[in-house]
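J.: My questions all concern the structure below.
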Amino acid sequence: MRNLDYLEPESLDEALRMLADYGDEAAVFAGGTALLLAMRQRMLAPGIVVALGGLSALRGIGYTPEAGLRIGALSRHSEIARADIVREHYPVLAKVAAGLANPQVRNQGTIGGNLCYGDPATDPPSVLVALDAELEIAGRSGTRRVAMADFLVDYFTTALEPGEILTAIHLPPVTPGRVGHYKRHLRTPAEHRPVANVALTLTERGGLWDDVRLVIGAATPVAQSMARAAAALTGQAITLDLAAEAARIAAEDLTPVSDARGSAAFRRQVVRATVRRIVAEAAGLDWSEAAA
Amino acid sequence: MSHHWISLTLNGETIEAEVPANRLLSDFLRDQLALTGTKRGCETGVCGACSILIDGEVSKSCLSLAVQAHGKTITTVEGLAQGQALHVLQAAFMEHGGLQCGYCTPGFLIAAADLLSRNTSPDDAEIRKALSGNICRCTGYQGIVDAVRAAAENLNGT
Amino acid sequence: METSAIGQARPQINAREKVLGRARYAGDLKLAGMLHARLLRAPHAHARIVSVDTSAARALAGVRAVATGADVPDRRWGVGHKQQHVLARGVVRFVGEEVAAVVAETPEIAEEALDLIRVEYEELAPLLDPALSLDPGVPQVHEGGNLSEEINIDRGDVDAAFAGADLIHEETYTTHSQYPGYMEPMATLAEVDGAGRLNVWTSTQSVFLARQRLAEALDRPISSIRVIQPTVGGGFGGKIIEERSSVIAAFLATLVDRPVRLGLSRLDDILSGCFSVPATIRLKMGMTRDGTIVAKEVDILADCGAYAGLAGEVMTVTAMRSDNMQRIRNIRTRARLVYTHTMPRGAFRGFGGAQMSFALNSHMATMAEMLGLDVIELHRKNAIGPGETSVHDWKIGSCELPACLDQVSEAIGWGEKRSRAKAGGVLRRGVGMAAAMHVSGNRTIGNWDGSTILLKVNEDGRAVVHTGESDMGQGAFTMLAQICAETLGIPVAHVTVAAPDTDNSPYCIGTLASRVTINGGMAMVKAAEEARATILAAAAAKLGCDAEDLALVDGVIRSADGAHTAPLAEICRYHIYRHGGEGIYVKGSHDPQTVRFDGDFRGNIAPAYSFAAQAVEVEVDTETGQVRLVETYLSDDCGVAINPLAVHGQSNGAAVQALGWTLYEELHFEGGRVINGNLADYTMATADAVPMMHSMIVEGYEPNGPLGAKGASETAILPGAAAIANAVYDAIGVRITDLPITPEKILAGLAELEEASLA
């Protein structure tokens, strides 16, 4: 790994100033899991890393009924998985964090680092889109909030501008009847990164679903909201046939990636299966006996 | 390149050292401190042979810079035994065929120690999940799972 | 002794140092003044090296040497085919071939220097597809054509036998290349000492073959080299004699006259090979209505990559080993090994057996169904038995294959699961099985398959075993210690096995061909018997009685009537401290009564043969194509199990490696370049990707083996792929003949079935 300077700002302002001063030469270092990997494999070669570890403003997980959940960007996946307020109010997010990659990565990787890296083959983006997350981003000219869906621009590309730092993830307050589901598919049991995942959030009203979000991750360059499929599930009695129909629509609308871990056609097929299953499971239906 | 003075608690002892910014924690332990029990197996954060406990949590030392260890409490495989007395996991790995070539063993012991510190009676599925950040090519994992289960039972006196 | 030293599960004798993190592997070793080496690899599958400019690299502070093909000895090295220089010279033949090496004060500097080496290549058209290798006009990998080896075997009257068959089935199977995946990437520490000798600590399966290879590659006398084996972090065939980094490291040490350590990164280790030999196998078999195999015709095309290495020997195993498992007399086999511009392939656990086992067992299952027979009955019907001589003149000693078949079918509930109604759901289950055989030993390296043990019994009555046979983690040292303890009459804890070292160990071939338990173990029995006789003779002299009346049990010498007794230590001291005395040093040698193949591939090459059977249940997700192994039972016929813990460990590890080959692992190439050369993308199973592994032992007694034992480490990898493929077929009716079994292939197969049902 090439020579580098390791800078440890003590405040967000100082960190932003460093990024401004060093420009392209500097990389932001959160947990390090992704950045170190990229540096070792020579995909990235920053001369300077700005380590955010000392910034208390980027830490902590807090919830208020008015503002909802704030997750500091430096929160590690294991901290999110274990946080009582996350488990209580956003159990689907706790579940995603608890199942991400492997124990070591959960202990070392941060949610902020995960999102800024922009790697599609991971769990959090789709579920955060489905949970209507907003990202709090600090820059020299102040702080802005960006919807999660807008933050994800393309394969390994985010809306983060040069010199900006992701400081926190905000989730809106929970509303009565709002539930979330998440399901991922691994190409083989030996894979640890999803080839496709599906996040589903909805509000149950009188046995019907309202305000449905169906978001696909990992199979697409960025997490993709499936509006048509979500609409199909809205206000209808959920049956296996409807689940299959929503799955068909989602697969049709999908913009899949194609690579060594799965062709576009394969990913489409996996998404279709996974959507059908998550919808069926959310409705308490057994999908295993009837194929779509 | 920047160099950094770091101070940490390593296997119960306070250590101070100067490290260059680009030194991986795994290299610091192995090359600078001669604690070669922590292994390099892939250096890309997959195989888990370099696993150590950082503040009691299993971590891959190849995914961390040495400078990040400042102020932390670290346990490597060399810190598991108390003098001549083996850690209950070490004894169980020996007894139940939890190792063959031994190269992955330090990492598995650390990952298992992390598990047992949080869950004193894991079932097999929980054990397998907890060890999913580590690769062994010799045992087919059965001996390892058996060993962790036995160690947990031993700790619980069952 | 209260309990026997053999037959009980027992921790490896080196387990304690391993759990303490104190076992030393080559990459852990340091010498004063040690330098670090890094390698520059070719980016092209086939190119002429026009020029190499190392000046900038040499000028970098901290760089001690930069070597290229121009600096290495002219002599070429290789197993049979002498094809390789220490560093590529003139031409590169695969992506990853070592073109230059840097030696520097630190690994970081060495790495930086690699970036400063300028190599000009003239790219040449590569040959990447083995199927095209023998076509006219294709690129040539070596002068003399792309055919590395061809073997032809003809037994009986194949045409007449096919003519008389009631059922003939023909199919082509393809198998892919598997990475050994040992957890310790290759590492070597080498130095030239003050006396001018080259000392090499390297991760190897054989110190003596390593020394011989170094002597050849570096063109220096054998005795000027000393190879020492540190703890080895797995080998699986990849660390026998084909890897190249130890040769390069040793060369660099001679160049800089300072200790040099070369530890490969995982990416380096993958790029440099040595993966298993991929083979395409056309198999045609004829059976009579009752399931008797009457004829077999085989055509194999195997790919050794850029250099032949051991691939020719591997292909021979693919071509004819499994013939010996069955009572078949009419066989026609052609096998061709071809070069391509890809990484060299060669020895891998099972040594070619797994490739044919996949084809044969898939074929057996298909034909059983065609005949309306149970495949287990089909195996039983054709299985060779003890005392029989096979079609290639192999003399079968112990053979518990039928018992293995019983054990696995009972354990998995074969009859019940086979006869259950097929469910029509999304997740469908099926069962499958396979059976295989392997050698224990192989007279193949030369006309010797022997082993020698030097045994010292110290003045405190404890023993030190010196052997050149290697332990890569499978438990060879523990096996030797157990046999020594059992035969000599001392506790296992009183036996130390010294690390193989070409200066101090007796000459041995090393650990390959499942030969160490059977041949090293026999040498150990002989040495321990000799030591015991020496001790008892000394005791008789000291105690004034007949040696025949004395026994050595648990470290104590006693006469049958109890009148005479002495601790072993006392006798060992007496053996030294008397006129004309000396320490106790004895030697046991054993070379089995086997023969090399004759020119027609006939002859009993091994003192014993091991058998195994495996039955599995899988669940196929018909929507995603994912195959999940649900249950597995593997039964190993290893003779007397010296250490059941080690046998189970080997069997489970082999079964998971086979599972990986079948479902999880696949090397992806793009223009000859490996594009998934890391463990995140080349996915070996983790603990959560495998079910509980059930390993079982059928204990027979091998008359040619030590205390009844034979080899137990390789047979278990052979049946897995076909067992899984057969289970997949049972589950969904899709026959996969092309490994690995990927989700895409499952989905394509299902789509084809559906199309056919609609047609």
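The values are calculated or read from the model by the stated rules, or taken from the named source; none is laboratory data. Note that the coordinates shown come from a computational prediction; the quantities given were computed from them, not determined experimentally. Cβ placement follows ideal geometry from the backbone for every residue including glycine, while neighbour counts extend to all protein chains displayed. What goes into the accessible areas is simple: the full protein's heavy atoms, side chains included, and nothing from ligands, DNA or RNA. Shrake-Rupley method; radii C 1.70, N 1.55, O 1.52, S 1.80 Å.
J.: Picking from B:Glu43, B:Glu126, which residue would you name as being in a loop (DSSP other than H, G, I, E, B), within 11 Å of chain C (Cβ to nearest Cβ) and open to solvent by 10 Å² or more (accessible area, probe 1.4 Å)?
T.: On the way: B:Glu126 fails: in a loop (DSSP other than H, G, I, E, B).
Going through B:Glu43, B:Glu126 in turn, the sole match is B:Glu43.
The rows are residues; the columns are (1) buried (at least 19 other Cβ atoms within 10 Å of the Cβ); (2) outside any loop (DSSP other than H, G, I, E, B).
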{"position": "C:Gly677", "(1), (2)": "yes, no"}
{"position": "C:Pro703", "(1), (2)": "no, no"}
{"position": "C:Leu707", "(1), (2)": "yes, yes"}
{"position": "C:Ala725", "(1), (2)": "yes, yes"}
{"position": "C:Lys745", "(1), (2)": "no, yes"}
{"position": "C:Glu755", "(1), (2)": "no, yes"}
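J.: Suppose we keep only residues that are within 20 Å of C:Thr662 (Cα to Cα) and open to solvent by 10 Å² or more (accessible area, probe 1.4 Å) within the stretch C:277-302. Which one would you say is nearest to the chain's Cα centre (by Cα)? Please lay out each step first, then the result.
T.: Step one: list which residues in the stretch C:277-302 are within 20 Å of C:Thr662 (Cα to Cα), which gives C:277-283, C:300-302.
Retained after the next criterion (residues that are open to solvent by 10 Å² or more (accessible area, probe 1.4 Å)): C:278, C:280, C:282, C:301.
Values: C:Pro278: 15, C:Thr280: 21, C:Arg282: 25, C:Leu301: 21 Å.
Filtering the stretch C:277-302 for residues that are within 20 Å of C:Thr662 (Cα to Cα) and open to solvent by 10 Å² or more (accessible area, probe 1.4 Å), the one nearest to the chain's Cα centre (by Cα) comes out as C:Pro278.
J.: β-branched (Val, Ile, Thr), closer than 23 Å to A:Arg106 by Cβ and open to solvent by 10 Å² or more (accessible area, probe 1.4 Å), is that true of B:Thr75?
T.: Details: β-branched (Val, Ile, Thr): yes; closer than 23 Å to A:Arg106 by Cβ: yes; open to solvent by 10 Å² or more (accessible area, probe 1.4 Å): yes.
It is true that B:Thr75 is β-branched (Val, Ile, Thr), closer than 23 Å to A:Arg106 by Cβ and open to solvent by 10 Å² or more (accessible area, probe 1.4 Å).
J.: Oh, and also: Only helices (runs of 4 or more DSSP H) wholly contained in the stretch A:188-292 count here; list those with 2 or more residues that are more than 14 Å from every other protein chain (Cβ to nearest Cβ).
T.: Numbers: elements: A:227-233, A:240-253, A:264-282.
Filter on the stretch A:188-292 gives A:227-233, A:240-253.
J.: May I pose another question? Do you know which residues across the stretch C:680-707 are more than 10 Å from chain A (Cβ to nearest Cβ) and at pLDDT below 95?
T.: Scanning the stretch C:680-707 gives C:Glu699, C:Gly700.
J.: Further question: Within the stretch C:506-528, count every residue that is more than 22 Å from the chain's Cα centre (by Cα) and either assigned by TED's automatic domain parsing to the domain that holds C:Phe611 or of a type in the set (Gly, Ala, Ser) (or both).
T.: Residues flagged as more than 22 Å from the chain's Cα centre (by Cα) and either assigned by TED's automatic domain parsing to the domain that holds C:Phe611 or of a type in the set (Gly, Ala, Ser) (or both) within the stretch C:506-528 amount to 2.
J.: Can you name the residue in the stretch B:1-28 that is polar (S, T, N, Q), open to solvent by 10 Å² or more (accessible area, probe 1.4 Å) and not in a loop (DSSP other than H, G, I, E, B) and is also nearest to the other protein chains (Cβ to nearest Cβ) among such residues?
T.: Let us first name the residues in the stretch B:1-28 that are polar (S, T, N, Q), namely B:2, B:7, B:9, B:11, B:14, B:22, B:26.
This time we only want the ones that are open to solvent by 10 Å² or more (accessible area, probe 1.4 Å), so: B:2, B:7, B:9, B:11, B:14, B:22.
Now restrict to residues that are not in a loop (DSSP other than H, G, I, E, B): B:7, B:9, B:14.
Numbers: B:Ser7: 14, B:Thr9: 18, B:Thr14: 20 Å.
Only one residue tops the list, namely B:Ser7.
J.: Output the number of residues of the stretch C:480-490 satisfying the condition of being open to solvent by 10 Å² or more (accessible area, probe 1.4 Å) and farther than 23 Å from C:Leu550 by Cα.
T.: Number satisfying all stated conditions: 0.
J.: For the structure I just gave you, tell me whether C:Leu659 is open to solvent by 10 Å² or more (accessible area, probe 1.4 Å), within 21 Å of the chain's Cα centre (by Cα) and farther than 22 Å from C:Cys399 by Cβ.
T.: Numbers: open to solvent by 10 Å² or more (accessible area, probe 1.4 Å): no; within 21 Å of the chain's Cα centre (by Cα): yes; farther than 22 Å from C:Cys399 by Cβ: yes.
Answer is no for this residue.
J.: Kindly indicate which of C:Gly468, C:Gly441, C:Gly473 is in contact with a Gly (Cβ under 8 Å, 6 or more places away or on another chain), within 14 Å of another protein chain (Cβ to nearest Cβ) and touching a residue at least 24 places away in the same chain (Cβ under 8 Å).
T.: Values: C:Gly468 fails: within 14 Å of another protein chain (Cβ to nearest Cβ); C:Gly441 fails: within 14 Å of another protein chain (Cβ to nearest Cβ).
Only one candidate qualifies: C:Gly473.
J.: Here is a further query. Condition first: aromatic (Phe, Trp, Tyr), within 14 Å of chain B (Cβ to nearest Cβ), in a loop (DSSP other than H, G, I, E, B) and in contact (Cβ under 8 Å) with a residue 60 or more places away in the chain. Can you find one or more residues in the stretch C:216-238 that meet it?
T.: We begin by selecting, within the stretch C:216-238, every residue aromatic (Phe, Trp, Tyr); these are C:236.
Adding the requirement that they be within 14 Å of chain B (Cβ to nearest Cβ) leaves C:236.
Those left that are additionally in a loop (DSSP other than H, G, I, E, B): C:236.
Adding the requirement that they be in contact (Cβ under 8 Å) with a residue 60 or more places away in the chain leaves C:236.
Scanning the stretch C:216-238 turns up at least one residue that is aromatic (Phe, Trp, Tyr), within 14 Å of chain B (Cβ to nearest Cβ), in a loop (DSSP other than H, G, I, E, B) and in contact (Cβ under 8 Å) with a residue 60 or more places away in the chain.
J.: In addition: Can you find a residue that is within 11 Å of chain C (Cβ to nearest Cβ), more than 15 Å from B:Leu29 (Cα to Cα) and either hydrophobic (A, V, I, L, M, F, W, C) or without any contact (Cβ under 8 Å) to a residue 40 or more places away in the chain (or both) anywhere in the stretch B:61-68? If you could, list the steps in order and put the result at the bottom.
T.: Restricting attention to the stretch B:61-68, the residues satisfying the condition of being within 11 Å of chain C (Cβ to nearest Cβ) are B:62.
Add one more test, that the residue is more than 15 Å from B:Leu29 (Cα to Cα), and what stays is none.
Within the stretch B:61-68, none of the residues are within 11 Å of chain C (Cβ to nearest Cβ), more than 15 Å from B:Leu29 (Cα to Cα) and either hydrophobic (A, V, I, L, M, F, W, C) or without any contact (Cβ under 8 Å) to a residue 40 or more places away in the chain (or both).
J.: Report whether or not C:Thr333 is touching a residue at least 12 places away in the same chain (Cβ under 8 Å), among the polar types (S, T, N, Q), more than 20 Å from C:Tyr179 (Cβ to Cβ) and in a strand (DSSP E or B). So that I can check it myself, show each step before the final result.
T.: Working: touching a residue at least 12 places away in the same chain (Cβ under 8 Å): yes; among the polar types (S, T, N, Q): yes; more than 20 Å from C:Tyr179 (Cβ to Cβ): yes; in a strand (DSSP E or B): yes.
Yes, satisfied.
J.: Does B:Gln84 qualify as being more than 7 Å from every other protein chain (Cβ to nearest Cβ), in contact with a strand residue (DSSP E or B) (Cβ under 9 Å, 6 or more places away or on another chain) and over 29 Å from C:Thr683 (Cα atoms)?
T.: Criteria not met by B:Gln84.
J.: Now for a separate question. State whether the residues of the stretch C:54-75 include one that is more than 14 Å from chain B (Cβ to nearest Cβ), within 27 Å of the chain's Cα centre (by Cα) and within 21 Å of C:Pro259 (Cβ to Cβ).
T.: Within the stretch C:54-75, none of the residues are more than 14 Å from chain B (Cβ to nearest Cβ), within 27 Å of the chain's Cα centre (by Cα) and within 21 Å of C:Pro259 (Cβ to Cβ).
J.: Okay, next question. Scan the stretch B:104-123 for residues that are within 7 Å of another protein chain (Cβ to nearest Cβ) and touching a strand residue (DSSP E or B) at 6+ places or on another chain (Cβ under 7 Å) and jot them down. Quick ask: steps written out before the conclusion?
T.: Within the stretch B:104-123, the first condition is being within 7 Å of another protein chain (Cβ to nearest Cβ), and the residues that meet it are B:104-106, B:109, B:111, B:114.
Result: B:Ala111, B:Asp114.
J.: Could you please give the count of residues in the stretch B:98-149 that are in contact with a Gly (Cβ under 6 Å, 6 or more places away or on another chain), in contact (Cβ under 8 Å) with a residue 24 or more places away in the chain and within 20 Å of C:Met684 (Cα to Cα)? Explain how you work it out, then say what you get.
T.: Step one: of the stretch B:98-149, the residues in contact with a Gly (Cβ under 6 Å, 6 or more places away or on another chain) are B:98, B:100-101, B:103, B:106-107, B:133-134, B:137-140, B:143-144, B:147.
Narrowing further to those that are in contact (Cβ under 8 Å) with a residue 24 or more places away in the chain: B:98, B:100-101, B:103, B:106-107, B:133-134, B:137-139, B:143-144, B:147.
Now narrow it down to the ones that are within 20 Å of C:Met684 (Cα to Cα): B:98, B:100-101, B:103, B:106-107, B:133-134, B:137-139, B:143-144.
Of the residues in the stretch B:98-149, 13 are in contact with a Gly (Cβ under 6 Å, 6 or more places away or on another chain), in contact (Cβ under 8 Å) with a residue 24 or more places away in the chain and within 20 Å of C:Met684 (Cα to Cα).
J.: Next question, about the same structure. When residues of the stretch C:255-273 are filtered for being outside any helix (DSSP H, G or I), modelled with pLDDT under 95 and open to solvent by 10 Å² or more (accessible area, probe 1.4 Å), how many remain? I'd like the intermediate steps shown before the answer.
T.: Of all residues in the stretch C:255-273, those outside any helix (DSSP H, G or I) come to C:257-265, C:272-273.
Applying the additional criterion that residues be modelled with pLDDT under 95 yields C:257, C:272-273.
Narrowing further to those that are open to solvent by 10 Å² or more (accessible area, probe 1.4 Å): C:257, C:272.
Within the stretch C:255-273, residues that are outside any helix (DSSP H, G or I), modelled with pLDDT under 95 and open to solvent by 10 Å² or more (accessible area, probe 1.4 Å) number 2.
J.: OK, next. Hey, C:Val640 hits all of (1) open to solvent by less than 20 Å² (accessible area, probe 1.4 Å); (2) touching an Asp or Glu at 6+ places or on another chain (Cβ under 7 Å) but one; which does it fall short on?
T.: (1) is the only condition that C:Val640 fails.
J.: Any residue at all in the stretch C:584-595 that's hydroxyl-bearing (Ser, Thr, Tyr), open to solvent by less than 20 Å² (accessible area, probe 1.4 Å) and in contact with a Phe, Trp or Tyr (Cβ under 8 Å, 6 or more places away or on another chain)? Before you say what the answer is, go through the steps one by one.
T.: Taking the stretch C:584-595 first, the residues hydroxyl-bearing (Ser, Thr, Tyr) are C:585, C:589, C:594.
Next, only the ones that are open to solvent by less than 20 Å² (accessible area, probe 1.4 Å) stay: C:594.
Subsequent filtering for residues that are in contact with a Phe, Trp or Tyr (Cβ under 8 Å, 6 or more places away or on another chain) retains none.
The answer is no, given that none of the residues of the stretch C:584-595 is hydroxyl-bearing (Ser, Thr, Tyr), open to solvent by less than 20 Å² (accessible area, probe 1.4 Å) and in contact with a Phe, Trp or Tyr (Cβ under 8 Å, 6 or more places away or on another chain).
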